[in-house]
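In what follows, a structure is listed as structure tokens, so that the remarks can point back to it.
The values are calculated or read from the model by the stated rules, or taken from the named source; none is laboratory data. These numbers were taken from a predicted model, which means no experiment stands behind them. Glycine gets a Cβ as well: all are built from the backbone with ideal geometry, and neighbour counts include every protein chain shown. Remember, those area values only see protein heavy atoms, side chains included, never the ligands or the DNA or RNA. Shrake-Rupley method; radii C 1.70, N 1.55, O 1.52, S 1.80 Å.
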Amino acid sequence: MNSKQITILIMAGIILIALTLPASADKIIPTSTKVFFEKNGGPYNGTVSFTVSCHGYIIDDTEPNAKHYWLKGKYQRKEPGTYDQTEVFSYSATVDHYGDEIFEPFYLNYRVIDYCTLSGETNGQKFVIENAGVSPIPDCKMRERIVGYQSMNLKSDVCYINNNQSDKCRADERESKSEAYDQCEKYLEEFDKNKLYPEDTRTFDRNGKTIIITEAYERCTDKADSIDLNCTVFDDEVSCSDYCDPDGNPLYRDCNLHYTIPTDKNGNIIETDTKQKSGKKDLIITPAEPESQSNDANNETDVNNMTSEDFQKDTDDNLFTAIMKFLGLIK
């Protein structure tokens, strides 16, 4: 094993340990959500102000099973009746038309949700959707391409995003660096006990032998590091507003929310005193979906069977793969 491989493996090990720490999965995920209210079987384009409140319990360190929370399929939720059902998540928003966009990040980590309730108001009329599901985000998808912070100019609304051509360029750049690194091997020297070396001389062990990192080797690796194929010129120019939230955070996920405003047989909104109805602690709605009745409680920061852990794992896997490719370990 050569010095480059040893250095890379050490770095990879440190990176892998850092990426697999449970706390690393506890992330806020910038999200774009389209909200669709319907009334009388069709789209409703009026302004709707609404609050979604979700009840269940919050996992804390006093719970013996809490250590399994980030292990998908391992955490077992508490049995009904063994805990006090409280509001564990809520958010409020206003939409002006059918399919209007909001940017709630839906931070749901450590929340186990039994049911959600929506309290809304439109044209001075208040209504409640008691059974608003067991997750505030039942329909989401992670974005395939994400704007990098280093390629953003929010003032001019110009951002850059990678494509197949720039991806290939970066792969070629990593390959060129890897080949250049290999050429630097010839500047390494085996330790000679009869030779004097400067005090700041760096060494490493290889197959039981001490190897000297020479100045020529360092100059060679610095040159390898400086290889730049200027791949950013191939990136696509996009509008930052299409790929970032209003605070300038790159969007990672797109969600859709569909709600039906309750009406009577004449098509009139069934008005409800939201202060009395929303957040009822004694209201327990049994979800219709079989999987939601399972004793296993998945992290709900994302949906479609992708938890926040999955998101972080995908992000970390991509980062780890990129680093490994950059260092020349994989292609």
Quick count over the stretch 24-57, residues being exposed (fewer than 15 other Cβ atoms within 10 Å of the Cβ) and under 24 Å from the mean Cα position of the chain (by Cα), is 1
When the stretch 233-247 is checked residue by residue, the ones that are surrounded by 13 or more Cβ atoms within 10 Å (Cβ to Cβ) and out of contact with any helix residue (DSSP H, G or I) (no Cβ under 7 Å at 6 or more places or on another chain) are Val238, Cys240, Tyr243, Cys244, Asp245
Scanning the stretch 171-198 residue by residue, the ones that are among the hydroxyl-bearing types (Ser, Thr, Tyr) and free of Cβ contacts under 8 Å to residues at least 24 places away in the same chain total 1
Considering only strands (runs of 3 or more DSSP E) wholly within the stretch 96-213, the ones with at least 1 residues that are open to solvent by 80 Å² or more (accessible area, probe 1.4 Å), touching a Ser or Thr at 6+ places or on another chain (Cβ under 7 Å) and modelled with pLDDT under 90 are 158-161
Taking the stretch 77-88 and keeping residues buried (at least 17 other Cβ atoms within 10 Å of the Cβ) and either out of contact with any His (no Cβ under 9 Å at 6 or more places or on another chain) or closer than 21 Å to Tyr243 by Cα (or both) leaves Arg77
Of those in the stretch 90-126 that are touching a Pro at 6+ places or on another chain (Cβ under 9 Å) and acidic (Asp, Glu), the residue nearest to Tyr243 (Cα to Cα) is Glu104
